[in-house]
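Trainee: First the structure, which I've put down as structure tokens, then a few questions once you've had a look.
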Amino acid sequence: MGGRIVGLSGSISRPSRTRVLVEAAVDRDATRYGRTPSVIELSDLAPSLGSAARPSDLNAAAKASMEMFVSADALVLGSPVYKGSYGGLFKHFLDLLDPLSLVGKPVLLIATGGGPRHALVVEHQLRPLLGFFEAQTLATGIYASDQDFRDGTLASELLLERLDRAVAQFAPFLSAPLPEAAAPAPAYAAGRA
């Protein structure tokens, strides 16, 4: 089938729970829809990204990451919560994109935080941000807190079930279309109006 699923881990920490969750989502997505998985770590781009005022200021690796990001079939965007919102460098990565570069692109939104009080960051911060880009954010967003991880891995069955529900919502965007001969006839054509 080809194509690529790209995740952006907006954490500058290592190890990173955000990275673990973004990677799990990208891997599930790529496996289900036959795409190549890739994860961009913001920490790898930080020196170049932090000093860039425009895309042309980025080094070659950061430019390549940005090109891979905008050319992906689907995206998984994850950010840790910083003071009730996404991180500044995460936002700066998006600020350098052309405002039309994500129009219609399916995006799974993910956030991680210390506890449940930041759970609405996906709805109140990330979703409006991607709305500006006219991206197609999936109905289910994912928020994970410290209690969802154990020894650096995902440990919550409920979280994994929610993640699988979210990944299933990529289907209208990533599943292969039916061949014309196999496509169901419209209701009006068969006299079922």
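The values are calculated or read from the model by the stated rules, or taken from the named source; none is laboratory data. Since the structure is predicted, the reported quantities are computational estimates derived from the model, not experimental observations. For neighbour counting, all protein chains shown are included, and Cβ atoms are generated from backbone atoms with ideal geometry for every residue, glycine included.
Trainee: Scan segment 125-139 residue by residue and report those that are surrounded by 12 or more Cβ atoms within 10 Å (Cβ to Cβ) and not basic (Lys, Arg).
Mentor: 125, 126, 129, 130, 133, 134, 135, 136, 137, 138, listed by residue number.
Residues checked against (1) at pLDDT 95 or above; (2) more than 18 Å from residue 165 (Cα to Cα):
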{"site": "9", "(1), (2)": "yes, yes"}
{"site": "16", "(1), (2)": "no, yes"}
{"site": "25", "(1), (2)": "yes, no"}
{"site": "38", "(1), (2)": "yes, yes"}
{"site": "98", "(1), (2)": "yes, yes"}
{"site": "108", "(1), (2)": "yes, no"}
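Trainee: Does residue 104 meet the test of being touching a strand residue (DSSP E or B) at 6+ places or on another chain (Cβ under 8 Å), under 25 Å from residue 13 (Cβ atoms) and at pLDDT 95 or above?
Mentor: no
Trainee: Another question about this same structure. Please tell me if residue 11 is surrounded by 19 or more Cβ atoms within 10 Å (Cβ to Cβ) and part of a loop (DSSP other than H, G, I, E, B).
Mentor: Criteria met by residue 11.
Trainee: Is it true that residue 121 is of a type in the set (Val, Ile, Thr), in contact (Cβ under 8 Å) with a residue 40 or more places away in the chain and surrounded by 13 or more Cβ atoms within 10 Å (Cβ to Cβ)?
Mentor: Spelling it out, residue 121 is indeed of a type in the set (Val, Ile, Thr), in contact (Cβ under 8 Å) with a residue 40 or more places away in the chain and surrounded by 13 or more Cβ atoms within 10 Å (Cβ to Cβ).
Trainee: How many residues, within segment 102-143, are under 18 Å from residue 168 (Cβ atoms), in a strand (DSSP E or B) and β-branched (Val, Ile, Thr)?
Mentor: 4
Trainee: From the list 119, 139, 155, which one is out of contact with any Ser or Thr (no Cβ under 8 Å at 6 or more places or on another chain), aliphatic (A, V, I, L, M) and at pLDDT below 95?
Mentor: 155
Trainee: Taking interchain pairs and intrachain pairs at least six residues apart, which have beta carbon atoms under 6 angstrom, with the first residue in segment 62-76 and more than 15 Å from residue 107 (Cβ to Cβ) and free of Cβ contacts under 8 Å to residues at least 24 places away in the same chain and the second surrounded by fewer than 20 Cβ atoms within 10 Å (Cβ to Cβ) and small (Gly, Ala, Ser)?
Mentor: Between residues of segment 62-76 that are more than 15 Å from residue 107 (Cβ to Cβ) and free of Cβ contacts under 8 Å to residues at least 24 places away in the same chain and residues that are surrounded by fewer than 20 Cβ atoms within 10 Å (Cβ to Cβ) and small (Gly, Ala, Ser), the close pairs are 62/48.
Trainee: Out of 79, 56, 101, which single residue is among the hydroxyl-bearing types (Ser, Thr, Tyr) and touching a Gly at 6+ places or on another chain (Cβ under 8 Å)?
Mentor: Answer to the check: 79.
Trainee: Here's a follow-up. Say we look at segment 68-108 and pick out the residues that are surrounded by 14 or more Cβ atoms within 10 Å (Cβ to Cβ) and of a type in the set (S, T, N, Q); which of these is nearest to residue 145 (Cα to Cα)?
Mentor: 79
Trainee: Sticking with this structure for a sec: Counting just the residues of segment 14-55 that are basic (Lys, Arg) and crowded, with 20+ Cβ neighbours inside 10 Å, which one comes out farthest from residue 172 (Cα to Cα)?
Mentor: Among those residues, the one meeting the criterion is 17.
Trainee: When residues of segment 41-67 are filtered for being under 20 Å from residue 144 (Cβ atoms) and of a type outside the set (S, T, N, Q), how many remain?
Mentor: Adding up the residues that qualify gives 2.
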